[in-house]
Amino acid sequence: SSFPMRLKNNLSKLGILTPILDLVFKTFEDYEKFSQIPEAKGEIAAIRSEAFFLPLYELYITYGGIFRLKFGPKAFLIVSDPSIVKHILKDNSKAYSKGILAEILDFVMGKGLIPADGEIWRVRRRAMVPSLHQKFVTAMINLFSQATDRLCKKLDTAASTGEAVEMESLFSRLTLDVIGKAVFNYDFNSLTNDTGIVEAVYVVLREAENRSTAPIPVWEIPIWKDVSPRLKKVNAALKLINSTLDDLIAICKRLVDEEELQFHEEYMNEQDPSILHFLLASGDDVSSKQLRDDLMTLLIAGHETSAAVLTWTFYLLSQDPGVMSKLQNEVDTVLGDRFPSIEDLKNLKYTSRVISESLRLYPQPPVLIRRSMKEDMLGPYPIRKDEDIFISVWNLHRSPSLWEDADKFNPERWPLDGPAPNETNQNFRYLPFGGGPRKCIGDMFASYENIVALAMLVRRFDFELAPDAPPVKMTTGATIHTTNGLVMRVRQRTRYPATPTIPVVETASPASITEAAI
Ligand code: HEM
């Protein structure tokens, strides 16, 4: 037996009461049991000063697929091993909650689907997943095309004057316009004008990101809450968003009441195909606070992620003219001068691989957060209840032991005649949309949105980094941002036929969509 155990036996022979010994030695034993995991020490400043997943990568190379990182009294488990990740996300997912994430996001998402746990999560997931059915996602393709077309018009001007454009903020506006319309039938029109509500959304988003990287939760200090100008601004923004959402919910309720409603699995109102309309029509029995939380969650989840994917895809393409011309070739051949149809999306295979590869190199978000709700075994190591866990998707996706030329942008690694990569066929070394029961519910929506936007943009323009663009570096938010924007020069392509036409909308049968290898 171990040294502490022998010591305990000897002390008990000396007549010390067993309950006291048990208490003292339990601490020892626990310490021994739980401290088998390799331990790294960190500086709290590192988390704030740069993209914090970069130092975590260095530690991963040193300590391996699971280690405990200590900052003074705080400790995190950093997990970058596919089989342990699969255990946490899928096989034993019931033993894990969203932990810190739920605490950070509470002010904006409340009990929305991303932070929610337990019974609330189960009920809300069951209510919301059906709203993203095939017919809905197919109908959204036109919305994606129209929004991208507005962005193209904006870029026409820049192309003719030769001025540089900051693409990251344009992508953010593109995806905000799309998600507003898709989730609650609201036109943010952020590509064309700046209204108070658009600014309010950005104030709230920045605050969420600020909180996720703040070492001290100042927003919990009672007096600070009332005097800090930043928090006052955040509260005003939240108030505006909430009252806008309440109005939209009320409008939608009236529409549903007036409708001759026949609700069925692929129900969709043609005038208002939004997710909100589906939820209300389904008779979803939910408090208005919960509904607001859910809508807000979808708004944020569907907006920043897609914007980040497009930003980094265009950055990668600017570094690799070979991939860009192959991509443009496919788009010219498959799409011609049309707005994309669902058939086209199925055939834009290289375009889809470019996005898969971009998501490998720049996963959004780069880190998933969990907390253990009971003791568990991670690989060979026992862990405690209430341990905060960071699953580094960044490390998984860039691991030199899991990938050949891990840092190389190489869409060819995903053969066109093979399946599109996902967490299942890649055995959890590739997690663009998470995995297990909490996998993203917008994966199909987002994939279509990104393919449409990418295809339509590269069909019309050539993109390169502007000659005087600031270097493109990463910084951490909820997703990976650039530090100083993605400043590009756009040029009209000469091969591109001038006016796109809108295709006859074909409502494809669900079967044909399932076959799509996107
Ligand atoms: C969850 C990625 C777009 C709604 C997730 C997760 C990831 C992810 C990695 C898992 C988080 C975790 O396990 O902690 C992405 C990426 C997107 C995208 C990369 C774009 C390219 C969307 C869109 C929507 C959406 C468009 C909504 C229409 C959600 C929701 C969850 C989620 C509601 C939480 C699901 C749950 O916990 O049950 N997403 N997402 N996402 N995503 Fe997405």
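When only alpha carbons of the range 273-325 are considered, Rg and Dmax amount to 18.0, 53 Å. Couplings 3J(HN,Hα) for the range 471-485, derived from phi with the Karplus relation 6.51 cos²θ - 1.76 cosθ + 1.60 (θ = phi - 60°), are x, 8, 10, 9, 9, 8, x, 5, 10, 8, 9, 7, 6, 10, x Hz, where x marks Gly and Pro.
More than 44 Å apart: what percent of Cα pairs in the chain qualify?
On the way: 24763 of 133903 pairs.
Every Cα pair in the chain considered, those over 44 Å come to 18 percent.
Rounded to two decimals, what ratio of Rg to Rh does the range 334-386 give with C-alpha atoms and a Kirkwood Rh? Ratio value, two decimals: 1.36.
On full extension, the segment bounded by Glu258 and Arg384 gains 39.9 nm, given 0.36 nm per residue less the C-alpha separation.
Once the C-beta distance of Glu199 and Phe34 is scaled by a Förster radius of 35 Å, the resulting FRET efficiency is 0.15 to the nearest 0.05.
What Kirkwood Rh does the range 109-203 have if only Cα atoms enter the pairwise 1/r average? Answer in Å. Each step should come with its number before you reach the end.
Numbers: mean 1/r = 0.0643 Å⁻¹.
Evaluated over the range 109-203, this radius sits at 15.5 Å.
Listed values for the range 355-363 are Karplus-derived 3J(HN,Hα) couplings in whole Hz (6.51 cos²θ - 1.76 cosθ + 1.60, θ = phi - 60°), namely 6, 4, 6, 5, 5, 6, 6, 10, x, and x replaces Gly and Pro.
Using the Cβ-Cβ distance between Lys74 and Leu14 with R0 = 35 Å, the FRET efficiency computed as 1/(1 + (r/R0)^6) comes to roughly 0.35. Packing here is the average count of other Cβ atoms within 10 Å per residue, and on that basis the peptides 8-17, 31-40, highest first, run 31-40, 8-17. Across the range 101-108, rounded Karplus estimates of 3J(HN,Hα) from the backbone phi angles (6.51 cos²θ - 1.76 cosθ + 1.60, θ = phi - 60°) give 4, 4, 5, 5, 8, 3, 5, 10 Hz, Gly and Pro being marked x. Label-to-label distance for Ser287 and Arg126 is 1.9 nm, based on points extended 7 Å past Cα in the beta-carbon direction.
Among the listed pairs Lys253/Lys439; Lys41/Lys111; Lys135/Lys239; Lys326/Lys439; Lys94/Lys439, those whose Cα-Cα separation exceeds 24 Å are Lys253/Lys439; Lys41/Lys111; Lys135/Lys239; Lys326/Lys439. Dipole magnitude of the chain about its Cα centre, charges +1 at Lys/Arg Cβ and -1 at Asp/Glu Cβ only, in debye to the nearest 20? My answer is approximately 1520 debye. For the charge dipole of the chain, defined by +1 on Lys and Arg C-beta atoms and -1 on Asp and Glu C-beta atoms about the Cα centroid, which residue among Val452, Asn92, Ile197 has the Cα displaced farthest towards the positive pole? The one lying farthest along the dipole's positive direction is Asn92.
Report the chymotrypsin sites (Phe, Trp or Tyr not before Pro) located in the range 67-106 that are in a DSSP loop and have at most 10 other Cβ atoms inside 10 Å of their Cβ, or state none.
The qualifying sites: there are none.
Would you kindly give the portion of the calculated P(r) for the range 1-96 that falls above 23 Å, as a percent of all Cα pairs? That tail contains 48 percent of the Cα-Cα pairs.
Read the figures in this text as sums done on the coordinates, not as results from a lab. Just so it is clear, the model here is predicted, and its values are computed rather than measured. Don't worry about glycine lacking a Cβ; one is built from the backbone with ideal geometry, like all the others, and counts go over all protein chains shown.
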